[in-house]
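J.: First the structure, then my questions, so here it is.
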Amino acid sequence: MTGATRGKADKDAGNRSLLRGLAVLDCIGRHAGRGIRVSDIMSACQLERATVYRLLATLQDCGYITTAERFHYVPTNRVAPHDGSQTDALARRLAPVLERVSEQTGDAAFAVVREGTQSHCVARHIGTFPVQVLGVQVGRRQPLGVGAAGLALLATLPPAEAESIAESNAAALDAYGGMTKARLLKLLAATRERGWSVVANHVAQNTLGVGIAVSSVKGQFDAAISVAAPLERMSPARQLQIVRLMKEAFAVQERQRRSA
């Protein structure tokens, strides 16, 4: 085989692989609600199981898809980012939760969504304590994981996808209190083990935030909420108390939504 022939063959193989990957991604996108299983992707795309798994692994490593429920694949916000109406709807849905938490704690509460490798603050409620931590404003985007809410959201992703996001953001992390990829991955591991996030001094000095991921109407974790306060107000016992308040406030809101 000549060099030209070999080059054409490699190009043809690459094109076929790309087309197959796009077909799988398109198939998953059409089932963004609950997700789709491997067997259904095989049938819809007329591909062998090994090929589908190889393409799924690549798409997941690159942050284009994730898993929902058991063995169901769904697109991430990198493929279908929140548009204005979705963001507004989430902000309205979470605003009463933030208000309740902020009133109970006296501290500022925040809600974020994921947009690819970034977190996007969609709502905020200011508390009554004289000193408020307001380093994040509504509309601000920052690397996913440098803030408590973003870290909680990052921890819901498959480990390979989360590490890929950390790698993508590595060059930008130092601007957030000297955060590094290694530090972020340690915080991520602790968040998974604990079930909620803790981040200190990375978005603002002498502050600490705690966060939890919250499920969307479809049951996927596509948003997170957090509370931030001066370090002296955030003892371990109070951190746990705030986490409980956030969970309770979200549960109350969900009960009211379902009964409406």
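The values are calculated or read from the model by the stated rules, or taken from the named source; none is laboratory data. All values derive from a computational prediction rather than experimental measurement. Ideal geometry is used to build each Cβ from the backbone, glycine not excepted, and the neighbour counts take in all protein chains shown. For the accessible areas, the whole protein counts, side chains as well, though only heavy atoms, and no ligand, DNA or RNA atoms are used. Shrake-Rupley method; radii C 1.70, N 1.55, O 1.52, S 1.80 Å.
J.: Taking the condition of being more than 10 Å from Val24 (Cα to Cα) and either under 28 Å from the mean Cα position of the chain (by Cα) or touching a residue at least 40 places away in the same chain (Cβ under 8 Å) (or both), how many residues in region 39-50 meet it?
T.: So the count comes out to 2.
J.: Next question. Please work out if Gln239 is polar (S, T, N, Q) and open to solvent by 30 Å² or more (accessible area, probe 1.4 Å).
T.: For Gln239, the condition - polar (S, T, N, Q) and open to solvent by 30 Å² or more (accessible area, probe 1.4 Å) - is not met.
J.: Kindly indicate which of Val199, Val146 is farther than 18 Å from Val97 by Cβ, touching a residue at least 24 places away in the same chain (Cβ under 8 Å) and part of a strand (DSSP E or B).
T.: Val199
J.: A further question follows. Considering only residues that are small (Gly, Ala, Ser) and in contact with a Gly (Cβ under 7 Å, 6 or more places away or on another chain), look in region 178-217 and name the one that is most open to solvent (accessible area, probe 1.4 Å).
T.: Ala204
J.: Now a separate question. Among the residues that make up region 166-177, is at least one of them touching a strand residue (DSSP E or B) at 6+ places or on another chain (Cβ under 6 Å), surrounded by fewer than 16 Cβ atoms within 10 Å (Cβ to Cβ) and over 14 Å from Arg114 (Cα atoms)?
T.: yes
J.: Read through the list (1) closer than 22 Å to Glu163 by Cα; (2) at pLDDT 85 or above; (3) crowded, with 16+ Cβ neighbours inside 10 Å; (4) out of contact with any Lys or Arg (no Cβ under 8 Å at 6 or more places or on another chain), then give the number of the only condition that Thr66 fails.
T.: It is condition (2) that Thr66 fails.
J.: Pick from region 34-55 the residues that are open to solvent by less than 40 Å² (accessible area, probe 1.4 Å) and modelled with pLDDT under 90: which of them is farthest from Phe221 (Cα to Cα)?
T.: So, considering only residues that are open to solvent by less than 40 Å² (accessible area, probe 1.4 Å) and modelled with pLDDT under 90, the one farthest from Phe221 (Cα to Cα) is Ile36.
J.: If we keep just the residues of region 1-33 that are at pLDDT 55 or above and β-branched (Val, Ile, Thr), which is surrounded by the most Cβ atoms within 10 Å (Cβ to Cβ)?
T.: Taking the candidates together, the pick is Val24.
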